[in-house]
Amino acid sequence: MRLGKALGALAMIMLLGGCGGGGASDNGIEKLSADNALAKVKADAAAVTSVHVKGEIDQSGKSLGLDVRLGKAMGTGTLTISGGQLEIRLLNGTAYVRGDQAALIASGAPASQASLAADKWLKGSATTGSLSSFSSFLDIKTLFNALLTPQGSLKTGSSTTVNGTKAFSLIDTSSSGGTLYIAQTGKALPLRILKTGSGGGQVDFTDYDAKVTVTAPAGAIDISQLGQ
């Protein structure tokens, strides 16, 4: 069960991600070139300790929903894939996954294994093996590294408001790109990604630096016991 392709699709259509930026002072993001604005976003995002990521994207004609709270090498939340749902957690270098049969099959599990593993907590290495791809959705450093890489050239957009926050946009001009909305006051943190290329979708980033609590589920089955 791997979601590497899903993460790649997410990175392609999201360009960048986040919602935040406290304080009322203008951060000057609208005065910078597109490349310098992106560099500022990367610098501010690197200092973030947690974020809430929620939205839905189109992946090759299929919907991928996510609602996750992630911090430094830890996180918890859900993925919705092809009508099925996966609960995912990351803690102390271990990835935990519990999904229904539909979601497990959509993630790449053979039907015979999916029927055995459905609705059971599975655990495995967060860096290698069958569950490692899930941890990419829950580690803030990994996710931002993926999302802060545009697919094409960037151009500056205009000022607007996102979730009540003054924002400035950067536009990825590639066919698979999207529009990044950045907080224009306080820290230059991403507020929203809107897919503008093929497919579609929107992802919002909120609750920067809020406390994230993750617990290891009891009775989780080591994925190695289920073979490949």
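The values are calculated or read from the model by the stated rules, or taken from the named source; none is laboratory data. This structure is a prediction, so every number in the text was calculated from the model and none was measured. All Cβ positions, glycine included, derive from the backbone under ideal geometry; neighbour counts span all protein chains shown.
Restricting the search to the range 52-104, which residues are at pLDDT 90 or above and in a loop (DSSP other than H, G, I, E, B)?
Hits for the range 52-104 are Asn92, Gly93, Asp100.
Would it be correct to say that Ser107 is of a type in the set (S, T, N, Q), under 30 Å from Ala45 (Cβ atoms) and surrounded by fewer than 21 Cβ atoms within 10 Å (Cβ to Cβ)?
Spelling it out, it is not the case that Ser107 is of a type in the set (S, T, N, Q), under 30 Å from Ala45 (Cβ atoms) and surrounded by fewer than 21 Cβ atoms within 10 Å (Cβ to Cβ).
Looking at Thr213, Thr179, Thr142, Thr127, which one is in contact with a strand residue (DSSP E or B) (Cβ under 7 Å, 6 or more places away or on another chain) and either of a type in the set (S, T, N, Q) or part of a loop (DSSP other than H, G, I, E, B) (or both)?
Selected residue: Thr179, the only one of Thr213, Thr179, Thr142, Thr127 that is in contact with a strand residue (DSSP E or B) (Cβ under 7 Å, 6 or more places away or on another chain) and either of a type in the set (S, T, N, Q) or part of a loop (DSSP other than H, G, I, E, B) (or both).
Quick test of your reading of the structure: Asp119 fulfils all but one of (1) touching a Ser or Thr at 6+ places or on another chain (Cβ under 9 Å); (2) of a type in the set (Asp, Glu); (3) more than 23 Å from Lys211 (Cβ to Cβ). Name the failing condition by number.
Failed condition: (1).
Being among the small types (Gly, Ala, Ser) and in contact (Cβ under 8 Å) with a residue 12 or more places away in the chain is the requirement here; does Ala111 meet it?
no
Scan the range 56-64 and give yes if some residue there is farther than 17 Å from Phe144 by Cβ, surrounded by fewer than 17 Cβ atoms within 10 Å (Cβ to Cβ), within 13 Å of the chain's Cα centre (by Cα) and free of Cβ contacts under 8 Å to residues at least 24 places away in the same chain, otherwise no.
For the range 56-64, residues farther than 17 Å from Phe144 by Cβ, surrounded by fewer than 17 Cβ atoms within 10 Å (Cβ to Cβ), within 13 Å of the chain's Cα centre (by Cα) and free of Cβ contacts under 8 Å to residues at least 24 places away in the same chain: absent.
Are any of the residues in the range 218-226 surrounded by 13 or more Cβ atoms within 10 Å (Cβ to Cβ) and within 21 Å of the chain's Cα centre (by Cα)?
no
Give me the residue from the range 76-104 that is without any contact (Cβ under 8 Å) to a residue 40 or more places away in the chain and buried (at least 23 other Cβ atoms within 10 Å of the Cβ) and, out of that set, farthest from Leu122 (Cα to Cα).
Ala103
Mind checking which residues of the range 8-43 are within 19 Å of Thr161 (Cβ to Cβ), at pLDDT below 50 and surrounded by fewer than 23 Cβ atoms within 10 Å (Cβ to Cβ)?
Gly21, Gly22, Gly23
Considering each of Ser153, Ser175, Ser125 in turn, give the residue that is among the polar types (S, T, N, Q), within 18 Å of Leu38 (Cβ to Cβ) and surrounded by fewer than 19 Cβ atoms within 10 Å (Cβ to Cβ).
Being among the polar types (S, T, N, Q), within 18 Å of Leu38 (Cβ to Cβ) and surrounded by fewer than 19 Cβ atoms within 10 Å (Cβ to Cβ) holds for just one of Ser153, Ser175, Ser125, which is Ser153.
Those residues that are hydroxyl-bearing (Ser, Thr, Tyr), within 20 Å of Ser25 (Cβ to Cβ) and in contact (Cβ under 8 Å) with a residue 12 or more places away in the chain, I need them from the range 157-188; list them, please.
Ser159, Thr160, Thr165, Ser169, Tyr181, Thr185
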